[in-house]
C-alpha cells in the first residue's frame, strides 16, 4: 500500500547552499512530517552553531522573516543536542553528523524512503553503490527507494551509457519523463538548464523545430562555491587557472553543461544543437541568460518582429499552469528577481531584439546535392530569409527559481512513491 506522502520523511544529504535552502523550502511547504538532514561531519562547537547557520542567510535574510515577515519571531525550538533534533516552525528536523559516504548514512534506520542529494559530489549514476569514494547509488543501498540529485548527471566513463533507472527532468518541460515504476535516480538538472529550457520551449512550440536553425546562449551567472574568495594556488592537475582567482574582484569565464542537459529534457535540441557559455560575476545570486536564435522565415515574407516574439512568450506565460514562465516589460536589474517565487525564467520583453536578413548559400559547397537541382539554378545559389532573435531571461539561481522547482519535483515524486 502506498504511503501518504504527508506522512513520509524526507532525507536531505548536504547542508550547503542548495541543501540549506531546500530545508527552508520544505519547512515552508509542510509536506513532510519530518526532515532528516545528513551533514556528514561535526560543525561548530554544538548543535546551536548549526541552528545559527540554518536560521540566517546573507542573501535571503532570516528564516522566520522570510516565512512570516519582519515582525515574526525566531521559529527554531526544541533543540536537543543528544538526539541531534530540533523543530523548525512546527516541522521536526533530525541532523545526522557521522557519515559522508551515502552507503553508510543508514536512511533505513530513520525510515527515509526519499532522499535529495544536494552535495554536488555524487553525480555519476553508473557507479556502484560500494564505490570507494561514494556514489549516488549508495543512498539506495542505505535504505532510500528514490534519490533526486540537485545537479546534472556526470558520467565519468564516457563509454558508459545512462543507466535505465536514471532520468533527467525539468519541471514544466518533461516532468512526465519520470516513470515511478522504472526510475530510481532523478536529476533535477541545473538552474541554468531549467531557465534555458523554459526560454527555448515556447519558441519550439510556436515556430516548430524545423525553423530553429541554430541557437547559442551565455549565462551571466552569480558566484557559486566553485570560485575562490581570494586568489589561491591551483590544486595538482587543475588546468583552469581562472577558478582560483578571486570572485570578489573579477568577471570569470567558465563553462556550463546546460547545452548537453538541454538535449536530455528537450530531445529536439539534439538535432539543432546549441552553444552554451558562462561568465561568473561577483554577485551572490540572480543570473541572466542571453539567448540568440536564428529562425528561418516563412515564404510569405512576413518577417518575425520583436512584438511577435514577445507575444509568443506572453501567451506561453499566461497559459503556464504552474506559473514557471514569467513575462514582463519592466526594466529589471538582478536584485529585482532575487527570491521571485516559482520563476524558472523571467523574460525581459523590453530587451527582446530581432533582425531579419537574407542568407546566401552556395550550393556547390553542399555535399550530396542532386545535380538536377543545381542545373535548375543558374548561379547555384539560394537566398534564405533568416531572423536572428535575442531574448533575455532572468532567474534566481538559488531559492526563487531552482530550489522552488526542486521542491516541486520532490513533492511530485513523493506523491508517486
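The values are calculated or read from the model by the stated rules, or taken from the named source; none is laboratory data. Bear in mind the structure is a predicted one, so any value in this text is a computation, not a measurement. Glycine also receives a Cβ, built like all others from the backbone with ideal geometry; neighbour counts cover every protein chain displayed.
A few comments on the model shown:
- Any pair with Cβ under 8 angstrom, 6 or more apart, that starts in region 81-105 at a residue that is outside the structural domain of residue 34 (by TED's automatic domain parsing) and ends at one that is crowded, with 16+ Cβ neighbours inside 10 Å and part of a loop (DSSP other than H, G, I, E, B): none
- Scan of region 217-265 for residues that are assigned to a strand (DSSP E or B), surrounded by 14 or more Cβ atoms within 10 Å (Cβ to Cβ) and touching a helix residue (DSSP H, G or I) at 6+ places or on another chain (Cβ under 9 Å), ordered by number: 217, 219, 220, 221, 222, 228, 252, 254
- Residue count for region 366-395, restricted to those that are within 17 Å of residue 212 (Cβ to Cβ) and either out of contact with any strand residue (DSSP E or B) (no Cβ under 9 Å at 6 or more places or on another chain) or outside the structural domain of residue 317 (by TED's automatic domain parsing) (or both): 0.
- Every listed requirement among (1) touching a strand residue (DSSP E or B) at 6+ places or on another chain (Cβ under 8 Å); (2) within 13 Å of residue 413 (Cβ to Cβ) is met by residue 198 save one, (2).
- Whether a residue is farther than 14 Å from residue 36 by Cα, touching a helix residue (DSSP H, G or I) at 6+ places or on another chain (Cβ under 6 Å) and buried (at least 22 other Cβ atoms within 10 Å of the Cβ) was assessed, and residue 149 does not pass this test.
- Of the candidates 179, 157, 205, 130, the single residue that is surrounded by fewer than 17 Cβ atoms within 10 Å (Cβ to Cβ), farther than 21 Å from residue 20 by Cα, in contact with a helix residue (DSSP H, G or I) (Cβ under 9 Å, 6 or more places away or on another chain) and not assigned by TED's automatic domain parsing to the domain that holds residue 296 is 130.
- Some residue of region 344-365 being exposed (fewer than 13 other Cβ atoms within 10 Å of the Cβ) and out of contact with any strand residue (DSSP E or B) (no Cβ under 7 Å at 6 or more places or on another chain): yes
- Residue satisfying all of: in region 67-111; in contact with a helix residue (DSSP H, G or I) (Cβ under 7 Å, 6 or more places away or on another chain) and assigned to a helix (DSSP H, G or I); farthest from residue 129 (Cα to Cα) among these: 67
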